[in-house]
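Below you'll find the structure, written out as structure tokens, and then a few comments.
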Amino acid sequence: MTQTQRIRIKVKRQDTSGQTPYWEEFDVPYRKNMNVISALMEIQRNPVRIDGVRVRSVLWEYNCLEEVCGACSMRINGKVRQACSALIDRLEQPILLEPMSTFPVEKDLIVNRQIMFEGLQKIKGWIAIDGTYPLGAGPRIAPDEQQEAYKYATCMTCGCCLEACPNVNDHSPYLGPQAMAQAKYFNSHPIGKMMAKERLETVVSNEGIASCGNSQNCVQVCPKEIPLTTALAELNRDANRYMLRKLLKG
């Protein structure tokens with residue numbers, strides 16, 4: 001592709017929450033090493049459709065531009081991914097851009113991912129401490145355990161795993177792989193495990209691990225390559241042990 005060529009972008013748009021979506025197509029000038037964010041910026045600079053009609057700019061979210069913040073998640077040619085790491089040269093045209101369908105659409109490619117943060121609240125995705133002053137060094141963690149935990153610490157709440165999971169929908173209470181993996185992560189922390197029973201109560205509820213269908217879609221789309229299926233398997237084991245102990249205690 002030369003610099004004189006143009007890129008065809010087809011965007012699924014929605015004016016406000018709850019309104020009927022519609023498609024609009026744009027041609028943008030090509031530059032070497034462009035990503036989808038660059039193409040959207042070209043549309044923002046000159047929001048004129050292929051039929052010559054000037055429209056309002058396309059809205060989307062982005063921040064870091066280096067696949068760290070997770071803000072620019074969207075469906076690109078039918079696959080959920082980060083727009084900042086989606087290179088134009090590797091995509092078939094026309095390039096179809098759609099908002100994630102698992103979350104409520106606010107406008108164009110912007111969705112409301114509040115359910116992910118509510119899920120973190122339900123599994124108590126934090127380390128509880130006492131006081132507002134330095135408490136000194138915490139428990140030491142073996143390097144191998146640190147390395148294992150770091151994989152889960154890279155989660156950027158991008159929503160890709162929930163978008164790909166067939167069990168996260170309006171008909172299911174399932175919190176999704178992100179919340180379950182974070183429950184596993186915090187339960188493995190030396191201080192976080194003090195709240196393990198509280199997290200496991202959510203894990204064994206109808207919002208938890210039993211609703212996972214083991215489709216393994218989540219691990220395939222995770223931009224950070226977090227071993228989500230490993231976390232789900234280990235959490236399922238912990239949940240079964242927890243319920244067995246509760247049963248034996250009466």
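The values are calculated or read from the model by the stated rules, or taken from the named source; none is laboratory data. Not measured: the values here are computed from a predicted model. Neighbour counts are summed over all protein chains in view; Cβ atoms, including those assigned to glycine, are modelled from backbone coordinates with ideal geometry. These accessible areas exclude ligands, DNA and RNA; they are computed on the full protein's heavy atoms, side chains included. Shrake-Rupley method; radii C 1.70, N 1.55, O 1.52, S 1.80 Å.
Values for this structure:
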read-out: For peptides 155-165, 55-65, sequence by mean Cβ density within 10 Å, most packed first; value: 155-165, 55-65
read-out: Cross-link partners of K193 among lysines (Cα-Cα below 18 Å; sequence separation of 8 or more within a chain); value: K122, K124, K151, K184, K246
read-out: Proximal lysines to K107, defined as alpha-carbon separation beneath 19 angstrom and excluding residues fewer than eight positions away on the same chain; value: K10, K12
read-out: Loop GluC sites (Glu not before Pro), the range 66-148 (other Cβ atoms within 10 Å of the site Cβ: 14 or fewer; DSSP); value: E66, E92
read-out: Cysteines in the chain lacking a second Cys C-beta under 4.7 Å; value: C72, C84, C155, C158, C160, C165, C212, C222
read-out: Over the chain: helical MRE at 222 nm, DSSP H runs n ≥ 4 each giving -39500 (n - 2.57), nearest 500; value: -9500 deg cm²/dmol
read-out: As computed over the range 128-248, the Cα convex hull volume per residue (Å³); value: 132
read-out: Between 0 and 90°, nearest 10: helix 177-187 axis offset from the chain longest Cα axis; value: 40
read-out: Nearest-0.05 FRET efficiency for T154 and N214, computed from C-beta distance (R0 22 Å); value: 0.45
read-out: Sites S85 and Q147, calculated FRET efficiency, Cβ-Cβ separation with R0 22 Å, nearest 0.05; value: 0.40
read-out: Rounded to the nearest 10 Å², the accessible area of M100 at probe 1.4 Å; value: 0
read-out: For the range 207-225 and the range 29-52, distance of Cα centres in Å; value: 33
read-out: In degrees, nearest ten, helix 143-153 long axis to first principal axis of the chain (Cα); value: 50
read-out: Among [x] 51, 51, 31; [y] 63, 39, 30; [z] 72, 40, 34, the entry that matches Cα extents along the principal axes in Å as calculated here; value: [z]
